[in-house]
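J.: Take this structure, written in structure tokens, and hold onto it; I'll ask about it next.
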Amino acid sequence: MDDESAGCVSLLDLPHDALSRIVSHCAAADLVAGVAPACTLLRSVACDQSLWEDLFRARYAPLLARLFGGEPPRAAAAEAGWRAFYYAFRRSWPALAAERGHVVLQLGDQYYDVTTYLDDHPGGPEYLSDAAGTDATGAFDAVGHSVRARELLRQFALPEELFSAADGE
């Protein structure tokens, strides 16, 4: 052992909770592809459900606050496990929001929360309600909505940072 490393603690000598805290700063993709394969201990840390719950809460906090009362849909998370739920949520959140009474539509690459517009929709609320949680681009385009309707829609757009994929995923 040289003088420079004397008295240094190996990363692997740290307690499990300290390692969890350290790896929680990694991107999810790095945990799966880089950290977990490194060794048995790091694999254990990288697969820890509480770590994935923390990553989920940090990644989706704005979306959870806006559509889920700040809390993730627990039944879905418990059923899948937090790691699987972390990745599945990117695709399933509009349908999960619909289960909570929100009418979120995808039109192209954009999502819209039209819940407050249901009663004002000229075609009636059922068209919007029936499309909740889905990609309604085809139906929207087929109707031939006016320029005014498209302008009105902008006010219901969810900010992209709420639903965009995290970097590196």
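J.: Which of the residues spanning the range 116-133 are surrounded by fewer than 15 Cβ atoms within 10 Å (Cβ to Cβ) and closer than 20 Å to Phe163 by Cα?
T.: Thr116
J.: Please verify whether Leu63 is assigned to a helix (DSSP H, G or I), more than 30 Å from Ala18 (Cβ to Cβ) and within 12 Å of the chain's Cα centre (by Cα), treating the condition exactly as stated.
T.: no
J.: Across the range 96-138, what is the number of residues that are assigned to a helix (DSSP H, G or I), of a type in the set (Gly, Ala, Ser) and out of contact with any strand residue (DSSP E or B) (no Cβ under 9 Å at 6 or more places or on another chain)?
T.: 2
J.: Considering the range 103-115 alone, what residues qualify as being surrounded by 15 or more Cβ atoms within 10 Å (Cβ to Cβ), within 21 Å of Gly138 (Cβ to Cβ) and not charged (D, E, K, R)? Explain how you work it out, then say what you get.
T.: Filtering the range 103-115 down to residues surrounded by 15 or more Cβ atoms within 10 Å (Cβ to Cβ) leaves 103-107, 110-115.
Then keep just the ones that are within 21 Å of Gly138 (Cβ to Cβ); that gives 103-107, 110-114.
The answer is Val103, Val104, Leu105, Gln106, Leu107, Gln110, Tyr111, Tyr112, Val114.
J.: For the subset of the range 41-66 comprising residues that are in contact with a Leu (Cβ under 8 Å, 6 or more places away or on another chain) and over 16 Å from Ser24 (Cβ atoms), which member is surrounded by the fewest Cβ atoms within 10 Å (Cβ to Cβ)?
T.: Of everything passing the filter in the range 41-66, Pro62 is surrounded by the fewest Cβ atoms within 10 Å (Cβ to Cβ).
J.: Which one of these is modelled with pLDDT under 90 and more than 30 Å from Pro15 (Cα to Cα): Ala98, Ala80, Ala76, Ala28?
T.: Answer to the selection: Ala76.
J.: Any idea which residue in the range 139-169 is modelled with the highest pLDDT, counting only those that are in a loop (DSSP other than H, G, I, E, B) and closer than 30 Å to Arg83 by Cβ?
T.: Looking only at the range 139-169, we keep the residues that are in a loop (DSSP other than H, G, I, E, B), and these are 144-146, 158-159, 164-169.
So of that shortlist, the ones also closer than 30 Å to Arg83 by Cβ come out as 158-159, 164-169.
On the way: Leu158: 92, Pro159: 89, Ser164: 68, Ala165: 51, Ala166: 41, Asp167: 37, Gly168: 41, Glu169: 53.
Here the residue is Leu158.
J.: Being under 20 Å from Leu67 (Cα atoms) and surrounded by 15 or more Cβ atoms within 10 Å (Cβ to Cβ) is the filter here, so list the residues in the range 136-163 that pass it.
T.: Ala136, Leu153, Phe156, Leu158, Leu162, Phe163
J.: Here is a further query. Among the candidates Phe89, Phe85, which residue alone is surrounded by 14 or more Cβ atoms within 10 Å (Cβ to Cβ), closer than 23 Å to Val32 by Cβ and touching a helix residue (DSSP H, G or I) at 6+ places or on another chain (Cβ under 6 Å)?
T.: Within the list Phe89, Phe85, the selection yields Phe85.
J.: Of everything in the range 67-82, what is surrounded by fewer than 18 Cβ atoms within 10 Å (Cβ to Cβ) and not in a loop (DSSP other than H, G, I, E, B)? Give them in sequence order.
T.: Arg74, Ala75, Ala76, Ala78, Glu79, Ala80
The values are calculated or read from the model by the stated rules, or taken from the named source; none is laboratory data. Only a predicted model underlies this, so the values are computations on that prediction, with no experimental measurement involved. Backbone-built Cβ (ideal geometry, glycine too); neighbour counts: all protein chains shown.
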